[in-house]
Structures are given as C-alpha cells and as structure tokens.
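The next block holds one structure in the form of structure tokens; read it before the comments.
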Amino acid sequence: MTNDNIITTDVVIVGAGPCGLFAVFELGLLDIRAHLVDILPKVGGQCAELYPEKPIYDIPGFPIISGQGLVDNLVEQIKPFGPTFHLNQMIEALEPI
C-alpha cells in the first residue's frame, strides 16, 4: 500500500445503516470526524434496502415512520458534520496503527 491510499480520520464506522448514521451525529456533537464504510451502494442499511416502506413504531419522537423516512431524517441530521462515505466497499481486515 502506498501513502496515497491512507485516509486520516478520527473514527471509522463500519456500516452506514441507522446505527452508523446516528453514531456520526453523536460523534459530530463532540467534534469528532467520521468516515462510514458500507458494502451496499447507498446509505440506510437494511431499513433502506429491504423494507423502505415498512412502518417502524419504536423510534423515539416518531409515533410511526417508514424505514426510508428514518434514513432520510438521519442523513439530514448529520449533514452539518460532513461525514465521508465509502460505499460499495468491503472491509476485509482491520489493523491498529
């Protein structure tokens, strides 16, 4: 690997589903930069990929919201923190530096 392939960030989040997206928000509040890596071609994880129209009833502050609606709201919420997405990417190994 050459130095051209090295990315510097505070946190790498594996998975750009709802939990990964919300982690970006929480980290952003602490001024911590994040990159998200996901094997899927778009953010949202299973909510967006498998059941975007399915109603979800257990999200605080929303009596009912669709899977895609939840993802859309999370993406809007993290915009101020400018996360970097690496989509269509698979993590095969992690190494401490």
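For the reader, a short list of remarks on this structure follows.
- Across the range 1-12, the qualifying residues are those that are surrounded by 11 or more Cβ atoms within 10 Å (Cβ to Cβ) and in a loop (DSSP other than H, G, I, E, B), and the one among them that is modelled with the highest pLDDT is ASP10.
- Subset of the range 13-23 (residues that are open to solvent by 80 Å² or more (accessible area, probe 1.4 Å) and either in contact (Cβ under 8 Å) with a residue 60 or more places away in the chain or of a type in the set (Gly, Ala, Ser) (or both)): VAL14
- Residue count for the range 24-67, restricted to those that are open to solvent by less than 100 Å² (accessible area, probe 1.4 Å), of a type outside the set (A, V, I, L, M, F, W, C), farther than 20 Å from MET90 by Cβ and part of a loop (DSSP other than H, G, I, E, B): 3
- In the range 68-97, the qualifying residues are those that are open to solvent by 90 Å² or more (accessible area, probe 1.4 Å) and not in a helix (DSSP H, G or I), and the one that is modelled with the lowest pLDDT is ILE97.
- Taken over the range 24-60, the criterion of being among the β-branched types (Val, Ile, Thr) and in contact (Cβ under 8 Å) with a residue 24 or more places away in the chain is satisfied by VAL24, VAL37, ILE39, VAL43.
The values are calculated or read from the model by the stated rules, or taken from the named source; none is laboratory data. Because the structure is predicted, anything quoted here is derived from the model rather than measured. Here Cβ is always computed from backbone atoms with ideal geometry, including for glycine, and neighbour counts include all displayed protein chains. All accessible areas refer to the heavy atoms of the entire protein, side chains included, with ligands and DNA or RNA removed. Shrake-Rupley method; radii C 1.70, N 1.55, O 1.52, S 1.80 Å.
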